[in-house]
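**Student:** Below is a structure I'd like to ask you about.
The values are calculated or read from the model by the stated rules, or taken from the named source; none is laboratory data. In this text, all values refer to a predicted model and were calculated from it rather than measured experimentally. Cβ placement follows ideal geometry from the backbone for every residue including glycine, while neighbour counts extend to all protein chains displayed.
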Amino acid sequence: MGIGRRRFLTLAGTAAAGAAFGAPMVIRNARAQAPQVTLKLHHFLPAVSNVHTKLWTPWAKKLETESGGRLKVDIFPAMQLGGAPPQLFDQARDGVADLVWTLPGNTPGRFPGVEVFELPFIGAKRGIANAPAVQEFYETYLRDEFKDVHPIVVWAHDGGLIHANKPVKVMEDLKGLKLRSPTRFAGEALKALGATGIPMPIPQVPEALAQRVLDGCVVPWEVVPAIKVHELVKNHIDIPGSPTLYTATFILAMNKAKYAAMPADLKKILDDNSGQALAKMAGAMWDNEGIAVSDMVRKRSNSITAITPDEAARWRKTTQPVIDDWIKAMKDKGIDGGKMIENARALVAKYDKV
């Protein structure tokens, strides 16, 4: 009887100890068996670019940290998955990549609603104003425009500058200059001002500048080091104040089926780091890097100037026909372009006050 009791207690103790020591292993195994997701993000700039290192890399790390390592983003810069920049949107739509970062303006006319922010003198000087303004505009008016994908964020950068191989102080100095234009409306604005806007994907700009195919380009400060603009031209011309000459819009688009198939908890982590949260992160990056890049360029003894406010007013008046023509084109499609501009300007003003 005593032996039986001792044996029972020994067995019971062994079982309890096994359960205690086994519990962490069970938890670890449960975590290991939880669904994991790895997303491929494809974009057009090199890995040394500020967007890659200062926006997409920290964003991917944030998703991984908040998910305990279950949600990862592998980033493929410089079109490493193949294709050309204008094909990126369709790569997200078709599942060639899970995520793409691209410009709607790479396919002119395909996304007319978001182009309102690319019209001359609509956007603000600061990215932290433009980015959330475009995201809110998308949420309110443009969901159908991007229905073929799941947009993670839609936004615009800070005000772009003219970078040229000669100084520009007044409109007449632009006459005859061949400048890379980032959007079709930036190109039309440059034409109105006397220059020739040449549409060109950003990776092709360095060689075109080096070969004198271009006399300059129109880009924000942030992208200057990635394509060596400061080494290829020595004059950088700013347009003071808000609204500014131009801005370009972007989208981080996700394949709809890939998003739908994600586990609910990982989908929530992605959602929490999408929309306005990511728009503000992007806008701040453009502004911060813009200051850093301009300081770097100034130390190289490049010329950084700004046209006068009166001259900016001349440019605004001269480019007004670009806006008028767009409003007419929208009217022909049954769209109230004037109202769209009014709403876009109101949103820019709203966030520019913050």
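**Student:** Scanning for something at positive phi and either in a loop (DSSP other than H, G, I, E, B) or out of contact with any Pro (no Cβ under 8 Å at 6 or more places or on another chain) (or both), does region 96-107 turn up at least one residue?
**Tutor:** Residues of region 96-107 at positive phi: none.
No, there is no match, as no residue in region 96-107 is at positive phi and either in a loop (DSSP other than H, G, I, E, B) or out of contact with any Pro (no Cβ under 8 Å at 6 or more places or on another chain) (or both).
**Student:** How many of the residues making up region 268-304 are in a helix (DSSP H, G or I), within 14 Å of the chain's Cα centre (by Cα) and not aromatic (F, W, Y)?
**Tutor:** Within region 268-304, the first condition is being in a helix (DSSP H, G or I), and the residues that meet it are 268-272, 275-299.
This time we only want the ones that are within 14 Å of the chain's Cα centre (by Cα), so: 275-287, 289.
Subset that is not aromatic (F, W, Y): 275-285, 287, 289.
Counting residues in region 268-304 that are in a helix (DSSP H, G or I), within 14 Å of the chain's Cα centre (by Cα) and not aromatic (F, W, Y) gives 13.
**Student:** For L190, state whether it is outside any helix (DSSP H, G or I), of a type outside the set (D, E), within 19 Å of R316 (Cβ to Cβ) and touching a strand residue (DSSP E or B) at 6+ places or on another chain (Cβ under 7 Å).
**Tutor:** Numbers: outside any helix (DSSP H, G or I): no; of a type outside the set (D, E): yes; within 19 Å of R316 (Cβ to Cβ): yes; touching a strand residue (DSSP E or B) at 6+ places or on another chain (Cβ under 7 Å): yes.
Judged against the criteria, L190 is not a match.
**Student:** How many residues are crowded, with 23+ Cβ neighbours inside 10 Å, out of contact with any helix residue (DSSP H, G or I) (no Cβ under 6 Å at 6 or more places or on another chain) and either β-branched (V, I, T) or under 17 Å from P85 (Cα atoms) (or both) if we restrict to region 181-208?
**Tutor:** The qualifying residues number 1.
**Student:** Checking the conditions here, which among N165, N130 is among the polar types (S, T, N, Q) and surrounded by fewer than 23 Cβ atoms within 10 Å (Cβ to Cβ)? Spell out how you get there, then give the answer.
**Tutor:** Details: N130 fails: surrounded by fewer than 23 Cβ atoms within 10 Å (Cβ to Cβ).
After applying the criteria, what remains is N165.
**Student:** If you check every pair at least six apart or on different chains, which have Cβ atoms under 9 Å apart with a residue in region 229-249 that is closer than 18 Å to A156 by Cα first and a residue that is among the hydroxyl-bearing types (S, T, Y) and part of a helix (DSSP H, G or I) second?
**Tutor:** Hits for this filter: D238/S294.
**Student:** Looking at (1) of a type in the set (A, V, I, L, M); (2) at pLDDT below 95; (3) under 24 Å from A349 (Cα atoms), which is the only condition A248 fails?
**Tutor:** (2)
**Student:** Would region 214-224 turn up any residue that is within 17 Å of S181 (Cβ to Cβ), aliphatic (A, V, I, L, M) and in a strand (DSSP E or B)?
**Tutor:** Checked region 214-224: at least one residue is within 17 Å of S181 (Cβ to Cβ), aliphatic (A, V, I, L, M) and in a strand (DSSP E or B).
**Student:** For region 153-178, name all the residues that are in contact with a helix residue (DSSP H, G or I) (Cβ under 7 Å, 6 or more places away or on another chain) and within 26 Å of A282 (Cα to Cα).
**Tutor:** V153, V154, W155, A156, H157, D158, L161, H163
**Student:** Output the residues belonging to region 69-81 that are surrounded by fewer than 16 Cβ atoms within 10 Å (Cβ to Cβ) and more than 9 Å from H42 (Cα to Cα).
**Tutor:** Within region 69-81, G69, K72 meet the criteria.
**Student:** Among the residues of region 91-102, write down those that are surrounded by fewer than 24 Cβ atoms within 10 Å (Cβ to Cβ) and either closer than 25 Å to I198 by Cα or of a type outside the set (A, V, I, L, M, F, W, C) (or both).
**Tutor:** Result: Q91, R93, D94, G95, D98, T102.
**Student:** Something else now. Which residues, taken from region 305-335, are surrounded by 13 or more Cβ atoms within 10 Å (Cβ to Cβ) and in a loop (DSSP other than H, G, I, E, B)?
**Tutor:** Answer for region 305-335, where residues must be surrounded by 13 or more Cβ atoms within 10 Å (Cβ to Cβ) and in a loop (DSSP other than H, G, I, E, B): I307, T319, I335.
**Student:** So, in region 243-262, exactly how many residues are surrounded by fewer than 17 Cβ atoms within 10 Å (Cβ to Cβ) and assigned to a loop (DSSP other than H, G, I, E, B)? Quick ask: steps written out before the conclusion?
**Tutor:** Quick first cut of region 243-262, residues surrounded by fewer than 17 Cβ atoms within 10 Å (Cβ to Cβ) only: 256-257, 260-261.
Next, only the ones that are assigned to a loop (DSSP other than H, G, I, E, B) stay: 261.
Going through region 243-262 one residue at a time, the tally reaches 1.
**Student:** Name the pairs whose Cβ atoms lie under 8 Å apart, with the first residue in region 194-211 and touching a residue at least 12 places away in the same chain (Cβ under 8 Å), the second surrounded by fewer than 16 Cβ atoms within 10 Å (Cβ to Cβ) and acidic (D, E), and 6 or more positions between them or separate chains?
**Tutor:** G194/E172
**Student:** Listed residues L55, L81, L63; which is at pLDDT 95 or above and within 24 Å of A264 (Cβ to Cβ)? First the steps, then the outcome.
**Tutor:** Values: L55 fails: within 24 Å of A264 (Cβ to Cβ); L81 fails: within 24 Å of A264 (Cβ to Cβ).
Being at pLDDT 95 or above and within 24 Å of A264 (Cβ to Cβ) holds for just one of L55, L81, L63, which is L63.
**Student:** Of all the residues that make up region 133-186, how many are of a type in the set (D, E), farther than 28 Å from E289 by Cα and touching a Lys or Arg at 6+ places or on another chain (Cβ under 8 Å)? Step through it out loud before you land on a result.
**Tutor:** First, the residues of region 133-186 that are of a type in the set (D, E): 136, 139, 144-145, 148, 158, 172-173.
Subset that is farther than 28 Å from E289 by Cα: 144-145, 148, 172-173.
Within this subset, residues satisfying the condition of being touching a Lys or Arg at 6+ places or on another chain (Cβ under 8 Å) are 148, 173.
Number of matching residues: 2.
**Student:** Still on this structure, please answer the following. Select, from D173, D158, D144, the only residue that is surrounded by 22 or more Cβ atoms within 10 Å (Cβ to Cβ) and acidic (D, E). It would help to see each step written out before you state the result.
**Tutor:** Working: D173 fails: surrounded by 22 or more Cβ atoms within 10 Å (Cβ to Cβ); D144 fails: surrounded by 22 or more Cβ atoms within 10 Å (Cβ to Cβ).
It is D158.
**Student:** Mind listing whichever residues of region 103-114 are over 20 Å from L278 (Cα atoms) and crowded, with 23+ Cβ neighbours inside 10 Å?
**Tutor:** Taking region 103-114 first, the residues over 20 Å from L278 (Cα atoms) are 105-113.
Across region 103-114, the qualifying residue is only G105.
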